[in-house]
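The values are calculated or read from the model by the stated rules, or taken from the named source; none is laboratory data. Treat the numbers as computed from the prediction; the structure is a model and nothing was measured. FYI the Cβ positions are ideal-geometry reconstructions off the backbone, even for glycines, and counts take in every protein chain you see. Keep in mind that these areas ignore ligands, DNA and RNA; they rest on the heavy atoms of the full protein, side chains included. Shrake-Rupley method; radii C 1.70, N 1.55, O 1.52, S 1.80 Å.
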Amino acid sequence: MTLDSIQRNAAAIGLATGAYAISYGVLAVAAGLSVAQTCAMSVFVFTGASQFAVVGVIGTGGGVAAALAPALLLAARNAVYGLALVPILRGRFAARALESQLVIDETTAMARAQPDPENARRAFLATGVCLFVCWNIGSLAGALIGSGLGDPRALGLDAMFPAAYLALLAPQLEAPGARVAAICGALLAIALVPFVPAGVPLLAAVLGVIPGVRAMRRAAAVAEPA
């Protein structure tokens, strides 16, 4: 991939993500965050799935602890991405620490798609910078829009979070065992909703991974040649 094509792809990803960030800004304000808090989360957290998880739990009445748990769980995958990107994160500790802020799904995918380490680094940095700028601009725009809407729930905007969250999860359903895990987790969460505080059903849904892993192992055993 040439430098021009890397830059074009990075810009395209950034613009698409920036548009998506607008919905996060609207949802965050609807959940009770101020414009400053909404923007600060985008600057310092900068991982969309975790940010949606936080505002979703808070928006349904959950506390900070209940909101942080699923957010940290979702963000943990970035640590695994970081291991895969060690060869292209260079320089002093401070520089590598700053670059690690850009380790997310899209930057990892762009870097891993390159044929050599030099282009991988260029793709990682170009995509990361475009995403960071566009995500934060989109978050600010959404927060300002949301703050001028009055009560977003009256407009049905409270439904945006579950819709956006499902959109994030949908591509993962093709993985072996993923559908079993999703169904079991959803049923468990629904069963707990009337009995536990907001946010706890989301945490409990993680237990759906257990039957999902079993289903994945059964599928792998069937696929193995005799």
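Numbers below:
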| quantity | calculated |
| --- | --- |
| Among the residues listed as A198, A205, the single one being more than 27 Å from A16 (Cα to Cα) and modelled with pLDDT under 65 | A198 |
| Residue within the range 81-90 that is assigned to a helix (DSSP H, G or I), basic (K, R) and more than 25 Å from V26 (Cβ to Cβ) present | no |
| Qualifying residue in the range 86-105 (condition: open to solvent by less than 50 Å² (accessible area, probe 1.4 Å), closer than 22 Å to I145 by Cβ and free of Cβ contacts under 8 Å to residues at least 12 places away in the same chain) | no |
| Residue list for the range 26-50, filter: assigned to a helix (DSSP H, G or I) and either in contact with a Cys (Cβ under 8 Å, 6 or more places away or on another chain) or open to solvent by 60 Å² or more (accessible area, probe 1.4 Å) (or both) | A36, Q37, F44 |
| Output for the range 98-152, where each listed residue is of a type in the set (D, E) and assigned to a loop (DSSP other than H, G, I, E, B) | D116, D151 |
| Test: residue in the range 2-12 that is touching a residue at least 40 places away in the same chain (Cβ under 8 Å), surrounded by fewer than 23 Cβ atoms within 10 Å (Cβ to Cβ), touching an Asp or Glu at 6+ places or on another chain (Cβ under 7 Å) and outside any loop (DSSP other than H, G, I, E, B) | no |
| Long-range neighbours under 6 Å by Cβ, at least six apart or interchain, first residue of a type in the set (D, E) within the range 17-32, second in a helix (DSSP H, G or I) | none |
| Filter result for G61 (open to solvent by 60 Å² or more (accessible area, probe 1.4 Å) and on the phi > 0 side of the Ramachandran plot) | yes |
